[in-house]
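Enquirer: Before I ask anything, here is the structure I am working with.
Just so it is clear, none of the values below were taken in a lab; they were calculated from the coordinates. Small disclaimer: the values here were computed from a predicted structure and weren't measured. Cβ sites come from the backbone with ideal geometry, for glycine too, and all protein chains shown count toward neighbours.
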């Protein structure tokens, strides 16, 4: 019975060619992220001198003074573009995926609790806070938070987090509110169902009701939304990097690489401007198409909503 | 001897006031779901509770099961208040839900669903627990292999049996059965009713059997209460109520069954919908639909009648019976 | 519910959110690494400045007193002073021009997004599964994926570096000085902003109109053989509520994109200001921006809600 259901879902998923393309792309990007150090031809911080002996932005397929071939050229500091792109993809992916993952877990906990205790003081406070956070459109909140915390890492008691964590925290703040709302929305109708009442009547403790009875029945919507947020997370991570609020030098990040290309605008190396931006677009494209596909599979009746933006 | 479970003039209002109204100290209209019900149930007794949808019978059931707290009045189990009861005694009062599919978590199989209450009752160790689960399935007449099944694999009757097994696992003394047969076929209904009656007799469990299905109630109940818009209007032993109904509403309800039989004499017909419990009619709540209103006159509109005894075990709430114990002759 | 009561209720329900926004803005100072004094003094703050800030904040007072002092300052238009970027200048004065620039850019971007998005969306709703519909689906996904800041860089590269148009790289948007030149300067940012979001607008429009067009009276018009122009007009007329939603989304989206695009073009709007404030850790300015942006968005949501209520009485219940 379960396998038949799975087969229907699988056929629905595989039926859309665009979605399959998205899945393949996401897989490739994951391979790049995981095997980045093995795939990259050079270290991302290693500086090469151009044939003339100077530190220059080198064009695609150029040869360095020491004879290395740089497939995609170098940036203004002579660092191999291909290696930086591979490592940059890795950074961007790690930040986006971990922030969406953290936000989703947080949202599941907060959303199920507020939904279960709907109308309580706890619910009222959390939801008001979420309303306030929601008035700031997406990445803007992240910019403000990164600015407030600084890019040196956050001090929590004796521990200072690494700088990338600041960005993850900021993004978690931007994603959690909407995801929490979604989770709360799917929890409320479930919380009023008879099996929850039955559990209460048996004297089941609240943590057990929420964790084992309620949450497993409320996950579909929040998982769908989290998948579509992956694309948005890449967008935001790259956006922060682009604004100079990304990871510190020499750590490469896709948005940061793109921002640097403006420095050698006048050398008219079109490819340099094209490639990092295209990589970001491809990544967002892959995630959003895959997210679309997963949503179509799990919820064919779905309509476009504000929460997706 | 005092009754096993006692409800003393319990009221349950549902607030209809929004937070904004509350902020501005305004008051919305409350829904008077249950409005002053007194009801005693003895050990081993099966009491039927009938009435139209929305009359408050489910709320009364939930009050007696302690699932909601009364706005006023008290529910007592073995003489002590249900609200201030320790968890162990609290479990002796259970509820069987109207829709079994709803009341069973779709993610768990039958074994898991029964496992929790079984463990809670002190059974430990895999073998002991499995044995108890199997004996529970035996009691409700389900094959033992059903322990591995999920709710979506079971029929309505089987689901209700699983729900009953889960309830019995807690070894209750009183079970509120909230329309347990409304979601199943006719033949299954009879099986479930028999099962409930048998279990009640064997284990001495009291039941409050809520239903709008009069034939089901007649089959199972020792005593019947009729509810209308949050109030009990008539209460009598089952046979007596069916043979000699005294309240116009009860007559009308019984006539509704008799409709199928063209030979039956009509005493009263029920027309229209019950009024909204947000704004119940003044005086006797039944008067706008009552066939005998003319006979009594304006009294019905002005004042609400009280529930008064006609005989030792028959009580009724109507102005047709002005003095204690005296029956007024009705025109046919 | 009467319209008046509906509007009143919306206003009242926005108040707690507004209060929370002020908490957030105020609290921002206290989560900074060095604490409020270091934060307000900035990286170049002199010891004298720090002493003055400490006195002004009254850090020894309880937190709620500090908050009340700060909020009463805000209500009287005193947002504090710039410390790093333009030492001593009141923030309120610094903000006027950037707000205007961002306003014009958002408007321009929204215009591009709406014109392109609505027309593609409407056309593909009329002819579902045509080549246009396919194109619109593909282009909406594509534009959804293309970051607006990348689009901005490409436009800047093509028009500024290759064709060497001076207006392309000026970022000068000041309608009080040179209207024509300002319009020219706005062109590329507006296109970058609008085009990147047109896909989403098209997608929503198509979805909403697709529902409307399956209503019997539209089918009837179709059968009667009325020209597409008339049918689309009637559909838009009945799909006005969804379109208002689209409008709300679009402005929010565009505004979000504005500050990235402002950075690319060097247009002196709120976004560029915010990013500079973030980089130089100009916290008083950040606080002010949190307040302003929060308030603007609350008002915008309020406006959309009210517009809903005006257009569709069912919403008011």
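Enquirer: Obtain the nm distance between the two label points defined at residue A:11 and residue C:119 by a simple spin-label model: each point lies 7 Å from its Cα along the Cα-to-C-beta direction.
Expert: 4.3 nm
Enquirer: Then there is this: Please compute the average number of Cβ atoms from other chains found within 10 Å of each residue's Cβ in peptide B:98-106.
Expert: Mean partner shielding for this stretch: 5.
Enquirer: By how many degrees, 0 to 90 and rounded to 10, does the Cα axis of helix A:81-116 deviate from the longest principal axis of chain A?
Expert: For helix A:81-116, the angle is close to 10 degrees.
Enquirer: Let me ask something additional. What's the whole-number percent of alpha carbon pairs in chain A lying beyond 29 angstrom?
Expert: Value for chain A: 47 percent of Cα pairs lie more than 29 Å apart.
Enquirer: For the protein assembly as shown, take the convex hull of the Cα atoms, compute a quarter of its surface area, and give me that in nm², please.
Expert: The orientation-averaged projected area of the Cα hull of the protein assembly as shown comes to 52.1 nm².
Enquirer: Could I get the Rg over Rh figure for chain C? Both from C-alpha atoms, Rh via Kirkwood, rounded to two places.
Expert: On the Cα set of chain C, Rg over Rh gives 1.06.
Enquirer: How big is the Cα convex hull of chain B in projection, averaged over all directions, in nm²?
Expert: Seen from a random direction, the Cα hull of chain B projects 20.0 nm² on average.
Enquirer: A further question follows. Could you sort the peptides C:190-199, B:308-317 by per-residue average Cβ neighbour count (10 Å cutoff), highest mean leading?
Expert: Order by mean packing, descending: C:190-199, B:308-317.
Enquirer: Here's something else I'd like to know. Determine, for each peptide in A:16-26, A:30-40, C:103-113, the mean count of other beta carbons within 10 angstrom over its residues, then list the peptides with the highest first.
Expert: C:103-113, A:16-26, A:30-40
Enquirer: Moving on. Using the alpha carbons of region A:128-276, what is the convex hull volume per residue in cubic angstrom, as a whole number?
Expert: 150 Å³
Enquirer: Starting with the highest mean, order A:176-184, B:99-107, C:218-226 by the number of other Cβ atoms within 10 Å, averaged over the residues of each peptide.
Expert: A:176-184, B:99-107, C:218-226
Enquirer: Next up: How far is helix B:126-139 tilted, in degrees, relative to the longest principal axis of the Cα atoms in chain B, given as a value from 0 to 90 rounded to the nearest 10?
Expert: 40 degrees
Enquirer: Within 10 Å of each Cβ in peptide A:202-208, how many partner chain Cβ atoms are there on average? Round it to a whole number, please.
Expert: Other-chain Cβ atoms within 10 Å of each residue's Cβ, averaged: 3.
Enquirer: Write down the Kirkwood hydrodynamic radius of region C:102-268, to one decimal in angstroms, obtained as one divided by the mean of 1/r over all alpha carbon pairs.
Expert: Radius from the Kirkwood sum: 16.8 Å.
Enquirer: Could I ask something else about it? What FRET efficiency comes out for residue A:38 versus residue A:298 if R0 is 41 angstrom and r is the Cβ-Cβ distance? Round to the nearest 0.05.
Expert: 0.70
Enquirer: Further, regarding this structure: Run the numbers on chain A and let me know its relative contact order in percent, using alpha-carbon pairs under 8 Å that are six or more apart.
Expert: 23 percent
Enquirer: Now a separate question. Can you tell me the 0 to 90 degree angle between the C-alpha axis of helix A:219-242 and the longest principal axis of chain A, rounded to 10?
Expert: 30 degrees
Enquirer: Within 10 Å of each Cβ in B:88-96, how many Cβ atoms from other chains are there, averaged over the peptide?
Expert: Average neighbour count from other chains, rounded to a whole number: 2.
Enquirer: May I pose another question? If r is the Cβ-Cβ distance from residue B:171 to residue B:52 and R0 is 41 Å, what FRET efficiency results, to the nearest 0.05?
Expert: In this case the efficiency is close to 0.75.
Enquirer: Treat each spin label as a single point 7 Å out from the Cα along the C-beta direction, and report the residue C:163 to residue C:226 distance in nm.
Expert: It is 4.1 nm.
Enquirer: So in chain B, what percent of DSSP beta bridges are antiparallel if you round to the nearest 5?
Expert: 60 percent
Enquirer: In addition: Region B:269-321: Rg/Rh from Cα coordinates, Kirkwood Rh?
Expert: Rg divided by Rh gives 0.99.
Enquirer: Relative contact order for region A:57-117: what is it in percent, counting Cα pairs under 8 Å that are at least 6 residues apart?
Expert: 19 percent
Enquirer: Moving on. Evaluate the relative contact order of region B:24-182 (contact order divided by residue number), counting alpha-carbon pairs under 8 angstrom at least 6 apart; express in whole percent.
Expert: Worked out over region B:24-182, it gives 30 percent.
Enquirer: Once the Cβ-Cβ distance between residue B:307 and residue A:120 is put in as r, and R0 is 41 Å, what FRET efficiency do you end up with, to the nearest 0.05?
Expert: For residue B:307 and residue A:120, the calculated efficiency is 0.65.
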